[in-house]
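Q: Have a look at the structure that comes next, please.
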Amino acid sequence: MHQVLHAVGVFLHHLQAVEWKWLGIAVACHLTKFLAVSRAWRNAVAAAYPDRHVSWPRLFGAYVAGTGVSSLVPARGGEAVKLYIAKHRIDGATYPTLGATVVLLTLFDSLVALCFILWAISIGALPAVKLLAHLPSFDFHWFFAHPRVGAAIGAAVALGLAVLLVWGARRVEEFWRRVRQGFAGLRPPRRYLRAIVFWQLCDWTLRLATIFFMLRAFHVPATAHNALLVQVSSSLATVLPISPGGIGTEQGFLVYLFRGRLAKTLLLSFSVGMRVALSVVNIVLGFAAILIMLRTLRFRRVVAADAQPEAAPPG
């Protein structure tokens, strides 16, 4: 936390040097990204519910609402809000099916992120595992500083998930039927590529464009290589974000990735500046969507009130 607060102070010190024109273009790319990824999600949901009307504007609202909450709450807390809103905007929708559509999108996103990470490993950009415990602001510092205990905790969590899956597979057949329904977007492959993957490719292109213009705004050399390195750090930070948005881990990786090439203060200013700018956009847009769609900002109470065992209508 000390490292994060220090980075915020560095950013505020360099705030007057920001080029607002490039920052504005980066924010525009970020907003357009919402349109692309929400369209991919809408098409995945429409494939799961082919006999029902699935509104793109409503799922766009659900998506940005969840993104706004996740910018404040760690560990992707906005997913519950996103799924709640989507469920109540589609007649007869269920959480297992909607959750499966999110996983469907994650499959391609994970593949792209993995390709970027493998590229970073191939050029020797990423730190060895033994160095992770020494990265500043790294969210998982404790686990790598205590590898045996961390491995035991990880194994216990994995075992618990495995037991839960086995229990679910044997006792909740209806649940798994609904989950399978959420992957209907994979078939046929041509539709999957045209209706989902295409929009996800647009999403990734806009992510890189956002980073490129953010680099220009904060006077960091704006190249495709540097944009890819920043994206790698962002992908690693969001695997399991302990801090909101994984800001601590992102800073740690950025400092290492650009070691010896750029001043640490410049990197911290860029990292925090980009995260603050995008988080503000996410929060303002997200909570505006919550207010419009739920007519209240007390989304936790609304979601909790609905967290009751649902009936079992056809998925």
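Q: Going highest first, how would you order 106-116, 57-67 by mean Cβ packing within 10 Å?
A: Values: 106-116: 13.9, 57-67: 23.5.
Per-residue mean Cβ counts within 10 Å order the peptides as 57-67, 106-116.
Q: Another question, if that's okay. Kindly put His53, His30, His219 in sequence by how many other C-beta atoms sit within 10 Å of each C-beta, fewest to most.
A: His53, His219, His30
Q: While we're on this one: Net charge around Ala100, counting only other residues with Cβ within less than 12 Å of its Cβ (Lys, Arg = +1; Asp, Glu = -1)? Mind showing how you got there, number by number?
A: On the way: positive: Arg177, Arg178, Arg180; negative: none.
Once all neighbours under 12 Å are counted, the net charge is +3.
Q: Another one. Order of Lys21, Lys82 from fewest to most other C-beta atoms within 10 Å?
A: Working: Lys21 11, Lys82 27.
In increasing order of surrounding Cβ atoms, one gets Lys21, Lys82.
Q: Also, quick follow-up: Could you sort the peptides 40-46, 224-230, 210-216 by per-residue average Cβ neighbour count (10 Å cutoff), highest mean leading? Please report the intermediate quantities before stating the final value.
A: On the way: 40-46: 25.1, 224-230: 17.6, 210-216: 23.0.
Result, highest mean Cβ count within 10 Å first: 40-46, 210-216, 224-230.
Q: For the pair Thr205 and Leu107, what calculated FRET efficiency results from E = 1/(1 + (r/R0)^6), where r is the Cβ-Cβ distance and R0 = 22 Å, to the nearest 0.05?
A: Details: r = 19 Å, r/R0 = 0.84.
Computed FRET efficiency for Leu107 and Thr205: 0.75.
Any read-out appearing in this document is the output of simple, stated calculations on the displayed coordinates, not a laboratory observation. Keep in mind it's a predicted model, so treat the numbers as computed, not measured. When we count neighbours, we look across all protein chains shown, and the Cβ atoms used for this are built from the backbone with ideal geometry, even at glycine.
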